[in-house]
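Quick notes on the structure that follows.
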Amino acid sequence: MLLEGSLQCFPSASYGFDLVSSSMRLLDKDSAYGENAGYGGYFYEDKLLNVKYTDIPEIMSNNDGRLPCPCSFCRNVTYDTLKKELQYNGTKIISEEWNNHRREHNRFAMNDLMEIISRAINEKQIEFVRQKIKDSELSNLKRLIPQHYDSD
Ligand SMILES: [Zn+2]
């Protein structure tokens with residue numbers, strides 16, 4: 001069992017742990033529940049990484065101007081290059097709004113990661129999980145999952 005696992009929930013649930021958990025505060029590095037804490041971070045699922053709010057425009061520019069997540073919140077976030085601001089449904093995102101909506105994203109992203117593991121097990125393709133870890137910022141953990149299994 002791994003409690004408060006944060007970004008390590010995915011590799012831990014992939015191999016060796018029966019149960020993992022993470023608080024929202026740990027996933028988005030917001031210990032003040034959005035109160036006077038600015039914008040905090042963003043859980044970048046593809047990289048299994050929490051990035052700074054100020055790094056998001058660059059991530060979006062490398063992803064056709066979109067956040068790399070299909071959740072309903074992320075699909076409505078855009079970057080206004082003239083005003084140099086992130087916008088939600090066409091208006092500047094204020095920190096309280098960001099902190100509330102970001103948690104919808106966190107739930108979506110963590111659920112998606114767990115579904116990846118479930119699908120890989122059902123399809124007997126655990127290499128997909130291993131590859132996701134390998135492509136992430138947690139790539140040093142890829143050895144957690146053995147490359148080859150004995151069939152018996
Ligand atoms: Zn999202």
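The values are calculated or read from the model by the stated rules, or taken from the named source; none is laboratory data. Fair warning: this is a prediction, and the values are worked out from it, not measured in the lab. Don't worry about glycine lacking a Cβ; one is built from the backbone with ideal geometry, like all the others, and counts go over all protein chains shown.
Brief remarks follow.
- Residue pairs whose Cβ atoms lie under 6 Å apart, sitting 6 or more positions apart in sequence or on different chains, and linking a residue in the range 86-97 that is charged (D, E, K, R) to a partner that is surrounded by 10 or more Cβ atoms within 10 Å (Cβ to Cβ) and not in a strand (DSSP E or B), are E96/G34.
- Looking across the range 69-85 at every residue that is surrounded by fewer than 17 Cβ atoms within 10 Å (Cβ to Cβ) and part of a loop (DSSP other than H, G, I, E, B), the one that is nearest to the ligand (Cβ to nearest atom) is identified as P70.
- Some residue of the range 47-56 being surrounded by 15 or more Cβ atoms within 10 Å (Cβ to Cβ), more than 15 Å from the ligand (Cβ to nearest atom), at negative phi and at pLDDT 90 or above: no
- For M1: the one exception among (1) within 23 Å of N140 (Cα to Cα); (2) at pLDDT 90 or above; (3) touching a Leu at 6+ places or on another chain (Cβ under 6 Å); (4) crowded, with 18+ Cβ neighbours inside 10 Å: (4)
- Residue match in the range 98-109 (condition: surrounded by 17 or more Cβ atoms within 10 Å (Cβ to Cβ), away from the ligand (no atom under 13 Å from the Cβ) and either in contact (Cβ under 8 Å) with a residue 24 or more places away in the chain or not in a helix (DSSP H, G or I) (or both)): yes
- Across the range 57-68, the qualifying residues are those that are assigned to a helix (DSSP H, G or I) and not β-branched (V, I, T), and the one among them that is surrounded by the most Cβ atoms within 10 Å (Cβ to Cβ) is M60.
- Taking the criterion of being within 13 Å of the chain's Cα centre (by Cα) and in a loop (DSSP other than H, G, I, E, B), the only residue of the range 6-22 that qualifies is S22.
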